[in-house]
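One structure below.
The values are calculated or read from the model by the stated rules, or taken from the named source; none is laboratory data. Every value quoted in this text rests on a predicted model; they were computed, and no experiment measured them. Neighbour counts are summed over all protein chains in view; Cβ atoms, including those assigned to glycine, are modelled from backbone coordinates with ideal geometry.
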Amino acid sequence: MPFSASTPTTPVRRSAPEAASSLPAWARWKSDASRLYTVGVEDEVMLLDPADWSLAQASDDVLAHLARDFAPSAQAETHASVVEVATGVQTDVAGAVAELRELRGWLLRELRELGLAAAAAGTHPAADWQLTKVSEEPRYRVLEQTMRSLVRREPTMALHVHVGIPDPHAAIVLLNAFRPVLPLLLAVSANSPFSQGSDGGFASNRRLLFGAFPRTGTPRAFDGYRDYVDAVDALIASGALPDPSFLWWDVRPQPRLGTVEVRIMDAQSSLADIEPIVALIQSYARLVLDGGFRPAPAGPELLEENAFLAARDGIDARLIEPVTRRLVPVRELVDGLVRACRPHAAVLGCAAELEGTHRLAAANGARRQRSLVAAGAGLPRLVAGLSEQFAFETPAVVRPAALS
């Protein structure tokens, strides 16, 4: 940052493949040239009881009920009140959003048969952590044993976006380049201002709650793929971690998928809010790898502070610009990033979707949730509104007369 002034303009060239035999099995990268800049989306969804709009601890029953054709697209999450739906590999943003639309619609139909509803946000505004149950899935039982009381908290929901990168060297270049822009993605996606029935002043309470887990936050920069593998294999070979999916960083490589996964965003209530985020991530990946863009170096202290400011203030945040060392409004930084990404979005076919980023920068999910409550909606009505956005795909509109 700033994004109008990049340093080198040399694209990243594919590295010579490292012998698979020299890498641990978990680190063997899935290389498929046809998947460059493809996208996939993981959507974490809260399950609701429409009688009172509380969380429904029902994921095991829901997953057992799902139609066979769609079951592979849904899976358990840590908490029994959450399921994740995931798209396949899509060549463009429009395809990913279209598949997610189908998956959300299918999930709603299945839930109605069970007397349940769904919504998406970073937190449930009025969840009672004491009622939280952990999923029966074996992975999450292991998590309960190892994380202990850290697991027994209110659930949080995130949006994860994968970008296909066939070359592991390029994946690490991209991971390093994402580190300074992660706070911007958090600011525009912040969608959890309410937690445990109150507004504690943060636009993304999810960020704070999830940060109680180990191995979260922004990863360090790596010198290359071998540096990353050596660092992570010390954890896996020792038996401390079963596999690299237990690293819950804000951005992480996914060797078995051949992707870089961006994970810092709150879950988005509407498809209309997911679309520009996916477009921004996809076009930024091309800006880095084909456009040779490198953000200004920033130390871990600065990145951590910017992530805190983004979680606290969302789109109203002022983030530290590392070159000038001044606080710059998020909207100004977003404008510069979108401007830099436009040529690459045009090539990728997501130019129109990218422009939706400006709408999010004007009024993201956290801003709209607070507006609804300020206009007279109690928290149950707010959750009902989140459920309506999930079904009807568009952001909430404040209509005070309709909030009784």
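Could you tell me which of the residues Ala272, Ala311 is buried (at least 24 other Cβ atoms within 10 Å of the Cβ) and touching a Lys or Arg at 6+ places or on another chain (Cβ under 9 Å)? Reasoning before the result, please.
Numbers: Ala272 fails: buried (at least 24 other Cβ atoms within 10 Å of the Cβ).
That would be Ala311, the only listed residue that is buried (at least 24 other Cβ atoms within 10 Å of the Cβ) and touching a Lys or Arg at 6+ places or on another chain (Cβ under 9 Å).
Does Val83 qualify as being touching a residue at least 60 places away in the same chain (Cβ under 8 Å), among the aliphatic types (A, V, I, L, M) and touching a strand residue (DSSP E or B) at 6+ places or on another chain (Cβ under 9 Å)?
Here the answer is no, as Val83 does not meet what is asked.
If the condition is being at pLDDT 95 or above and within 30 Å of Ser387 (Cα to Cα), then region 230-251 contributes Trp249, Asp250, Val251. Considering Ala94, Ala121, Ala67, Ala51, which residue is crowded, with 19+ Cβ neighbours inside 10 Å and not in a strand (DSSP E or B)? Only one candidate passes the filter, namely Ala121. Filtering region 175-232 down to residues that are within 23 Å of Ser270 (Cβ to Cβ) and among the charged types (D, E, K, R), which residue is surrounded by the fewest Cβ atoms within 10 Å (Cβ to Cβ)? Of everything passing the filter in region 175-232, Asp199 is surrounded by the fewest Cβ atoms within 10 Å (Cβ to Cβ). With respect to the stated conditions, Ser135 is modelled with pLDDT under 80, among the hydroxyl-bearing types (Ser, Thr, Tyr) and farther than 27 Å from Arg312 by Cβ. Taking the stated definitions as given, is Asp43 out of contact with any Phe, Trp or Tyr (no Cβ under 6 Å at 6 or more places or on another chain), outside any helix (DSSP H, G or I) and buried (at least 17 other Cβ atoms within 10 Å of the Cβ)? So Asp43 fits the description; yes. Quick check on region 349-359. Is at least one of its residues farther than 21 Å from Gln90 by Cβ, loosely packed, with under 14 Cβ neighbours inside 10 Å and not aliphatic (A, V, I, L, M)? There is no residue in region 349-359 that is farther than 21 Å from Gln90 by Cβ, loosely packed, with under 14 Cβ neighbours inside 10 Å and not aliphatic (A, V, I, L, M). Only one entry of Ala298, Ala285 meets the criterion of being more than 25 Å from Glu353 (Cα to Cα) and in contact with a helix residue (DSSP H, G or I) (Cβ under 9 Å, 6 or more places away or on another chain), and that entry is Ala298. Pairing each residue of region 339-360 that is in contact (Cβ under 8 Å) with a residue 60 or more places away in the chain with any residue that is among the hydrophobic types (A, V, I, L, M, F, W, C) and outside any helix (DSSP H, G or I), provided the two are 6+ apart or on different chains, yields C-beta distances under 8 Å for Arg339/Phe3; Ala340/Phe3; Ala340/Phe293. Of all the criteria given as (1) more than 23 Å from Asp43 (Cβ to Cβ); (2) in a loop (DSSP other than H, G, I, E, B); (3) touching a helix residue (DSSP H, G or I) at 6+ places or on another chain (Cβ under 7 Å), the one not satisfied by Ala240 is (3).
Of all the listed residues (Phe210, Phe222), the sole one being free of Cβ contacts under 8 Å to residues at least 60 places away in the same chain, hydrophobic (A, V, I, L, M, F, W, C) and closer than 23 Å to Glu42 by Cα is Phe210.
Pairs meeting the criteria (first residue in region 106-129 and more than 20 Å from Arg370 (Cα to Cα), second residue assigned to a loop (DSSP other than H, G, I, E, B), beta carbons under 6 Å, at least 6 apart or on different chains) are Trp106/Phe70; Glu110/Leu66; Leu116/Ala56; Ala117/Pro50; Trp129/Arg153; Trp129/Glu154. Scanning region 61-113 for residues that are modelled with pLDDT under 90 and small (Gly, Ala, Ser) gives Ala67, Ala71, Ala76, Ala80.
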